[in-house]
Amino acid sequence: MSRELAWAAVTQAPQVALTTVSDRTDPWSRWAEAVVTMALGDYRGAFDALHPLCERDDEVGGLACARIASGLRQIAEHEAAVDWDERAIAAGGRATNDGLVGRAADAVGMSDPDLAASYLGAGRERAVDLRDEIRVAWVAEEICLLKGQYPLALAHGERAHRLSLALGSPRHIVKSALFASAAGRASGAAGTVALLGVAFSRAQALALRPMLWPIVTVLADDATPTQRVAAGQAVRYIHDHLPPGFGSAWTGRSDIGTLRHTA
């Protein structure tokens with residue numbers, strides 16, 4: 001599989017992408033499959049596929065490191081993600097872009113907005129396409145939320161959502177809707193429940209389990225019983241597919257604990 005086909009695959013719906021990345025001997029195919037596998041909530045399976053790729057001294061090896069870092073952040077292992085993002089930065093090419101924005105997100109997770117802004121500035125300068133710009137907007141919003149700058153956070157979230165619609169990637173559309181809604185609720189904007197409802201339905205239809213529980217968390221009391229049950233089922237699936245030695249910080253969250261007992 002070529003680099004271009006691999007990138008095209010990971011912007012498709014997961015079920016479609018998996019039909020195009022079946023060559024387990026090809027590094028780009030393996031990387032794309034791991035990206036999709038993680039998007040479905042199987043972190044253990046994704047990490048198993050990514051770790052051998054990380055031994056490669058090329059772009060796909062660096063992108064594999066960045067993807068491991070991303071997965072670790074999703075399960076609240078921000079400190080563990082740092083070394084993997086540093087390896088991605090050192091790899092060059094698109095991996096450097098992903099690593100820089102990833103390091104900014106790591107810093108957000110460790111409540112250091114100034115360090116996050118420094119890395120994000122470097123990542124913003126290297127942005128080459130819509131995907132890069134969306135990722136920059138996500139982390140820019142997170143930095144603003146950390147600083148209590150809610151209207152500016154909302155502007156970044158809305159930009160991410162607009163760009164994701166232009167990109168057309170289902171994963172990015174759902175995640176950007178979540179980001180825009182989170183900032184909207186923080187700033188008191190209207191319409192967040194409806195947007196989150198659409199995002200939830202889309203995530204559920206595509207089995208994007210890592211998106212279901214944060215949507216319900218942002219919805220809070222506005223989440224329906226059906227949404228809570230579906231999010232709880234997603235949480236249980238993710239819990240059963242965590243990589244060995246990781247995930248205790250995530251499972252220890254109060255909202256995760258509540259959802260695990262809802263399913």
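Considering every residue within the range 22-37, establish whether at least one is open to solvent by less than 10 Å² (accessible area, probe 1.4 Å) and either more than 27 Å from D240 (Cα to Cα) or not in a helix (DSSP H, G or I) (or both).
Among the residues of the range 22-37, not one is open to solvent by less than 10 Å² (accessible area, probe 1.4 Å) and either more than 27 Å from D240 (Cα to Cα) or not in a helix (DSSP H, G or I) (or both), which makes the answer no.
Pairs only if they're at least six apart or on different chains, beta carbon under 6 angstrom, first in the range 19-33 and within 20 Å of Y43 (Cβ to Cβ), second part of a loop (DSSP other than H, G, I, E, B); list them, first residue then second.
S29/M1; S29/V21; S29/D23; A32/V10; A32/V21; E33/V21
Looking at the range 21-51, which of the residues that are farther than 16 Å from L206 by Cα, of a type in the set (S, T, Y) and modelled with pLDDT of 85 or more is nearest to the chain's Cα centre (by Cα)?
The residue in question is Y43.
Residues that are over 19 Å from G71 (Cβ atoms): which helices (runs of 4 or more DSSP H) entirely in the range 166-257 hold 2 or more of them?
Of the helices (runs of 4 or more DSSP H) lying wholly inside the range 166-257, those with at least 2 residues that are over 19 Å from G71 (Cβ atoms) span 170-187, 192-205, 209-219, 225-240.
Return the only residue of S187, S181 being without any contact (Cβ under 8 Å) to a residue 40 or more places away in the chain, in contact with a Pro (Cβ under 8 Å, 6 or more places away or on another chain) and not charged (D, E, K, R).
Being without any contact (Cβ under 8 Å) to a residue 40 or more places away in the chain, in contact with a Pro (Cβ under 8 Å, 6 or more places away or on another chain) and not charged (D, E, K, R) holds for just one of S187, S181, which is S187.
Here are A230, A207, A166, A203: which of them is within 30 Å of A6 (Cβ to Cβ), hydrophobic (A, V, I, L, M, F, W, C) and crowded, with 19+ Cβ neighbours inside 10 Å?
A203
The values are calculated or read from the model by the stated rules, or taken from the named source; none is laboratory data. Just so it is clear, the structure is predicted and the values come from calculations on it, not from any experiment. Methodologically, a virtual Cβ is constructed for each residue, glycine included, from the backbone with ideal geometry; neighbour enumeration extends over all protein chains shown. To get the accessible areas, we keep the full protein, side chains included, count just its heavy atoms, and leave off ligands, DNA and RNA. Shrake-Rupley method; radii C 1.70, N 1.55, O 1.52, S 1.80 Å.
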